[in-house]
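The values are calculated or read from the model by the stated rules, or taken from the named source; none is laboratory data. Quantities reported herein were computed from a predicted structural model and do not represent experimental measurements. Glycine gets a Cβ as well: all are built from the backbone with ideal geometry, and neighbour counts include every protein chain shown. Quick note on the areas: whole protein, heavy atoms, side chains included, nothing else; ligands and nucleic acids left out. Shrake-Rupley method; radii C 1.70, N 1.55, O 1.52, S 1.80 Å.
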Amino acid sequence: MESEDDKIRKLFENSNAPQERDTIYAGLLSEYMTFFKKEFPDDWDDEQILAFAVHTWNTANIQLRLSPDGPNRIDPDQEPVSWTTDLMMKMVSYKMIHYKPYDRVFIEFEYDNGNLKVQTESGELFLQMFLEEQESEDIGEDADFDEGYVNRRAFTLKPKQPFIDWINSFSEDKIPLAEVEGNVYLLDTSVYEPDEWIEKKFDKLFIKELSHWHPESFWPKERTYKMFRKWFHIDSSTLVYDLVKEPLTKDY
């Protein structure tokens, strides 16, 4: 005996009016988005929320095809990762439970003055294309690893707390150490001892790092190598790989 889910699915897939079917899906998407709308920040507009909803809807349909048993239940005691990750998990789970029969995916949407139009595609075809794309990317990544060697070595200057304290001493908005990323510098492969090279060039590096944050009038007047090492941690890398096919650009 056919389940209600199968009856609904056949009703949509056997339709001879794709435009009418997409209109119905637009209504479903709008309803789905509205249910979670209050959980988004106030500065998110409807188009941003719709894009997020489309992503979670499609993710849910992919997961259902890969794992027909349904969603993994969210552990109420699990520590939150971020509000976007937590909301995405919640929306994916909700879609898999409450909109399970509607297995088409959204490939395009247009939103204008409250009027929503969508274009949908077979979930099975979308999954096939998705898996083929992933396989192609994996093959490409393997080739990149083999061919992407760059004739440079690198080091990264990672800020320590004294550098953050200096930044914050001239700013009303305080920045935590964890939010400041290190900058990467490339050297010629003939530089066998990066620490010696850095010690000779430390003030130029120091100035470059300082200039990212405050004008020269705020820079420490007496900059020493000892101070530089207290303000930055140095990580060196012998091998550098470029995994992007587009050529590098360099500003002079």
Testing residue 56 on (1) at pLDDT 85 or above; (2) open to solvent by 30 Å² or more (accessible area, probe 1.4 Å); (3) of a type in the set (Val, Ile, Thr), one condition comes back false. Which one is that? (2)
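Conditions tested, residue by residue: (1) at pLDDT below 90; (2) farther than 15 Å from residue 30 by Cβ; (3) of a type outside the set (A, V, I, L, M, F, W, C).
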position: 91; (1), (2), (3): no, no, no
position: 95; (1), (2), (3): no, no, yes
position: 99; (1), (2), (3): no, no, yes
position: 110; (1), (2), (3): yes, no, yes
position: 113; (1), (2), (3): yes, no, yes
position: 117; (1), (2), (3): no, no, yes
position: 121; (1), (2), (3): yes, yes, yes
position: 124; (1), (2), (3): yes, yes, yes
position: 127; (1), (2), (3): yes, yes, no
Residues satisfying the stated conditions in the stretch 189-211, i.e. at pLDDT below 90 and out of contact with any Ser or Thr (no Cβ under 6 Å at 6 or more places or on another chain): 189, 190, 191, 192, 193, 195, 196
Which residues, counting only those in the stretch 146-166, are open to solvent by 30 Å² or more (accessible area, probe 1.4 Å), assigned to a helix (DSSP H, G or I) and under 27 Å from residue 213 (Cα atoms)? 161, 162, 165
I'd like to check something: does the stretch 129-136 contain any residue that is modelled with pLDDT of 80 or more and either open to solvent by 70 Å² or more (accessible area, probe 1.4 Å) or part of a helix (DSSP H, G or I) (or both)? no
So, residue 184, is that one on the phi < 0 side of the Ramachandran plot, open to solvent by 60 Å² or more (accessible area, probe 1.4 Å), touching a Ser or Thr at 6+ places or on another chain (Cβ under 7 Å) and of a type outside the set (S, T, N, Q) or not? yes
All positions within the stretch 228-237 that are in contact (Cβ under 8 Å) with a residue 60 or more places away in the chain and open to solvent by less than 90 Å² (accessible area, probe 1.4 Å): 231, 232, 233, 234, 235, 236, 237
Which condition breaks for residue 207 when tested against (1) part of a loop (DSSP other than H, G, I, E, B); (2) exposed (fewer than 15 other Cβ atoms within 10 Å of the Cβ)? (1)
For residues in the stretch 216-227 being part of a loop (DSSP other than H, G, I, E, B) and within 37 Å of the chain's Cα centre (by Cα), which is surrounded by the most Cβ atoms within 10 Å (Cβ to Cβ)? 219
Expected single match for within 30 Å of residue 243 (Cβ to Cβ), of a type in the set (S, T, N, Q) and free of Cβ contacts under 8 Å to residues at least 60 places away in the same chain among 171, 190 is 190
So which residues in the stretch 35-53 are assigned to a helix (DSSP H, G or I), under 18 Å from residue 110 (Cβ atoms) and open to solvent by 20 Å² or more (accessible area, probe 1.4 Å), if there are any at all? 46, 47, 48, 51, 52
For the stretch 99-120, give me each residue that is free of Cβ contacts under 8 Å to residues at least 24 places away in the same chain and either among the basic types (Lys, Arg) or in contact with a Phe, Trp or Tyr (Cβ under 8 Å, 6 or more places away or on another chain) (or both). 107
